Structure formats: structure tokens, C-alpha cells
Amino acid sequence: MTAHQLKNIPFSQPLALADLVEYQEGQVVSRTLLQSKATGITLFAFDANEEISAHTSKGDAMVYILHGSASVTIGEAHHNLEAGQTIVMPAGIPHAVQAISKFKMLLVVVFPG
């Protein structure tokens, strides 16, 4: 039997990623699909005005907006993203994510080494 690294996601069937995580009032909800030394893949659903405050990561983090809109801060720069857009938050630079409206995102983090 093969040990799968992906988890919390059905295999061998078409899926809409945004449907795999649900909004909850006043919360940020996450669903981890992969967490290893090299890579993290997580789905998030943010209620309006919810945020992940400024922090740094040891890996480069790519955000892809699946639904809604978000404000992403990288260092001193602010960016507004809509569904279908992506941005990379470089390792070691403080970044934050805040919901402009309810939004869902796919986060992929690639760690060094």
C-alpha cells in the first residue's frame, strides 16, 4: 500500500478547491493538505475583516485567491487581490493577509533545503 503525503482531500476525482473549506462567522478556517519539511499546502477561508497578522516565514509563500478579495502586505507594500490572482511573499520578509470581503485562498509554502 502506498503512503500518500497529501491528506484531507479526496483522491481520483475532480474537485473545486474552494468547496473544501467553509466560511465560519468571525473566524479564519484552515484545511492542511500537505505539511512536510519541504512544502506546506493549506486552504483557508477568512470571514470578512479577519486576518493573519504580520509574521515571517522560513519559506517562500505563494497565495492564490480562490474566491473573494484580500489585502496582502509584504514589508511596507500593500496589495489588493481578487479571485484568480496570486502573489508570492518572500521568505524572511514580514507579511500579513486580511479579508476585504469573505475570501478563500490556497497557500503553498516552499521551505529551503
Checklist outcome for this item: Considering residues that are under 20 Å from Asp19 (Cα atoms), touching a Gly at 6+ places or on another chain (Cβ under 6 Å) and of a type in the set (Phe, Trp, Tyr), the number found within segment 62-113 is 1
Item to check | For Gly113: the one exception among (1) of a type outside the set (A, V, I, L, M); (2) at pLDDT 95 or above; (3) closer than 27 Å to Ala38 by Cβ | outcome: (2)
Checklist entry - Given (1) touching a residue at least 40 places away in the same chain (Cβ under 8 Å); (2) closer than 24 Å to Ala38 by Cα, where does Ser101 come up short, assuming only one miss? => result (2)
Item to check | Qualifying positions in segment 85-113 - open to solvent by 70 Å² or more (accessible area, probe 1.4 Å) and in a loop (DSSP other than H, G, I, E, B) | outcome: Gln85, Ile100, Lys102, Pro112, Gly113
Checklist outcome for this item: Counting only strands (runs of 3 or more DSSP E) entirely within segment 1-74, those with at least 3 residues that are crowded, with 16+ Cβ neighbours inside 10 Å are 28-35, 39-46, 60-67, 69-74
Checklist entry - What is the one condition in (1) touching a Lys or Arg at 6+ places or on another chain (Cβ under 7 Å); (2) among the polar types (S, T, N, Q); (3) at negative phi that Asn8 does not satisfy? => result (3)
Checklist entry - When the residues of segment 75-84 are filtered to those that are part of a strand (DSSP E or B) and of a type outside the set (D, E, K, R), which remaining residue is surrounded by the most Cβ atoms within 10 Å (Cβ to Cβ)? => result Leu81
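The values are calculated or read from the model by the stated rules, or taken from the named source; none is laboratory data. If you're wondering where the values come from, they're calculated on a predicted model, not measured in any experiment. Every residue, glycine among them, receives a Cβ derived from its backbone with ideal geometry; neighbour counts consider all protein chains shown. Only protein heavy atoms, including side chains, enter the accessible area calculation; ligands, DNA and RNA are left aside. Shrake-Rupley method; radii C 1.70, N 1.55, O 1.52, S 1.80 Å.
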